[in-house]
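Written below as structure tokens is the structure these notes are about.
The values are calculated or read from the model by the stated rules, or taken from the named source; none is laboratory data. No experiment lies behind these values; they were computed from the predicted model shown. When we count neighbours, we look across all protein chains shown, and the Cβ atoms used for this are built from the backbone with ideal geometry, even at glycine.
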Amino acid sequence: MSSWYEQKLDSVRDDPDFKTHQLLLEIIDQITDLMESEGIRKSNLAERLGVSRAYVTAVLEGKPNLTIRSLVRLASALGSTVDVKLSRLNEVEWWRPGVGQDFEMRDSEHTEAEAEGVTCLPIAA
């Protein structure tokens, strides 16, 4: 029997808002990782972007819906680029939030998962 969390996750997995939020969290994680590795504070990033520190805080809290342009500006301010890749479900590794394990699915599992509309995110190497 699956846990309450797994049942709830399964019930929202195909929701575009859920998928959008997953992607936004991944983007925020990448931004904060870059900031941390480069020693960049919110105030430094705000200065580089020509925006307020409050705006940077809002971005890192996932409040504004980032446009592609704002994402490119953020990446540039962090000395990075944006790399977008659309992948077929069978060409990526699978990630299930909350489980804490990376795993690949066998073809039979993938076919079943794809039929159920499972969301997957590429896992950075």
Exactly one of Val56, Val72, Val82 is at pLDDT 85 or above, part of a helix (DSSP H, G or I) and touching a Leu at 6+ places or on another chain (Cβ under 6 Å), and that one is Val56
Among all residue pairs at least 6 apart or on different chains, which show Cβ distances below 7 Å where the first residue, located in region 28-54, is within 15 Å of Val82 (Cβ to Cβ) and the second is basic (Lys, Arg) and assigned to a helix (DSSP H, G or I)? Leu49/Arg73
